[in-house]
């Protein structure tokens, strides 16, 4: 058997994530973690499903192969406890999301973020001893930082726990200023689906105070209200991949979607309403395919101040329930759907490429890598 590029990419992904979800293929399709690839590499004993059946990890044989190919790997002495495993799986989902959106994810130091289209996982940043404040990074819960030509993104995976808002944003601001003055800072809240994200961010538990008085810990909902940066809700699916690619590669996507959706009903937004994308006759109109909840709050404040009775918004069908839940305690909303296939035609520059299936070669002589 000759290993192909997808085989080696899967091994590298497993090495970086430590534990990967067995159902990646069903939510984030890719040739890299196609079930056949996983089964094949498990049969080769390069990967193995863990005893709890919750994750898949690199084996000693797999690590030896990667080390031989020039990709250093350090394996765990034992599998992590359940709570740590859950965070690892969340980290793997987040890294896989950015990987499919075209970001390089196999990075191990903060300076790598100087390159556009780069994602640096939090565990890699914490291990970077060249960063003076590494000890501070160990006390926060973000999943990673991404750098694109348009944005610098702080990625979180939302659960029922707390985040450390002051430490998170101080760290992120420092990194953003040090790396690029041209990019717009933004925050991403990832989750399995938009509905789950909305429920976690709007339920009664979303406002629970920290367990210790005076703690920096706040719920993700409180963190969402305190940040002034754009805050995007992104599900870890192919739709979320397209969303990431759209917001990081197309500067004027909001206006283009608004004009396409409204056609003859399109009117420019008022000059004093930067959060709006248009007016649908006499109704404020929002493009919500990016699920930017910071801008939604700004638009609601504008609508209330001007006495509008409702806001209209266009979003993908899988986003509508989450938006309805988010707006439930904010403002009356008229929701309209736009299909992802329409967006893909509207934005032909947003191309989600997958790795080509070709034999993997190594060394100066570019020899094929063959299974034992």
Inset, instruction - Report, in deg cm²/dmol and to the nearest 500, the calculated mean residue ellipticity at 222 nm for the chain, where each DSSP H run with n ≥ 4 adds -39500 (n - 2.57) and the sum is divided by the residue count. - result: -11500 deg cm²/dmol
Legend entry - Spin-label pair residue 111/residue 341, simplified geometry with 7 Å Cα→Cβ offset, distance in nm: 4.9 nm
Inset, instruction - With a point put 7 Å past each Cα toward its Cβ, work out how far residue 238 is from residue 23 in nm, to one decimal. - result: 1.7 nm
Inset, instruction - For segment 16-48 and segment 283-354, compute the distance between their C-alpha centroids and round to whole Å. - result: 35 Å
Inset, instruction - Pull up the DSSP beta bridges for the chain and report the antiparallel fraction as a percent, rounded to 5. - result: 55 percent
Legend entry - With Cα atoms, 0 to 90° folded angle of helix 293-306 axis to the chain main axis: 0 degrees
Legend entry - Whole-number percent relative contact order across segment 102-250, with pairs defined as alpha carbons under 8 Å at least 6 apart: 20 percent
Legend entry - Fully extended contour minus Cα-Cα distance, from residue 208 to residue 352, at 0.36 nm per residue: 48.0 nm
Legend entry - Length added when fully stretched, residue 5-residue 74, from 0.36 nm per residue minus Cα-Cα: 22.7 nm
Inset, instruction - Throw me the Rg/Rh for the chain, computed over C-alpha atoms with Kirkwood Rh, two decimals. - result: 0.99
Legend entry - Computed label-point distance, nm, for sites residue 371 and residue 281 using a 7 Å Cα→Cβ extension: 6.4 nm
Inset, instruction - For segment 102-250, count the residues as N, evaluate 2.2 N^0.38 Å, and divide the Cα radius of gyration by that value, please. - result: 1.01
Legend entry - Antiparallel %, DSSP beta bridges [both residues in segment 253-346], to 5: 40 percent
Legend entry - Footprinting exposure proxy for 291, 169 (fewest neighbouring C-beta atoms within 10 Å first): 169, 291
Inset, instruction - Starting with the highest mean, order 315-326, 62-73 by the number of other Cβ atoms within 10 Å, averaged over the residues of each peptide. - result: 315-326, 62-73
Inset, instruction - Please report 279, 1 as a ranked list, fewest other C-beta atoms within 10 angstrom at the top and most at the bottom. - result: 1, 279
Inset, instruction - Would you mind ranking 188, 352, 56 so that the residue whose beta carbon has the fewest other beta carbons within 10 Å leads the list? - result: 352, 56, 188
Inset, instruction - May I ask for the angle, rounded to the nearest 10°, between helix 5-17 and the longest principal axis of the chain, with both axes built from Cα atoms and the value confined to 0 to 90°? - result: 80 degrees
Legend entry - Mean Cα-pair separation over length for the chain, i.e. relative contact order, pairs under 8 Å, 6 or more apart, %: 16 percent
Inset, instruction - Take every Cα pair under 8 Å in segment 253-346 that's 6+ residues apart, average their separations, divide by the length, and report that relative contact order as a whole percent. - result: 23 percent
Legend entry - With Cα atoms, 0 to 90° folded angle of helix 238-249 axis to the chain main axis: 70 degrees
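Only the coordinates and a few stated rules stand behind these numbers; no lab work does. Small disclaimer: the values here were computed from a predicted structure and weren't measured. In this analysis, Cβ positions are derived from the backbone assuming ideal geometry, glycine residues included, and neighbour counts consider all displayed protein chains.
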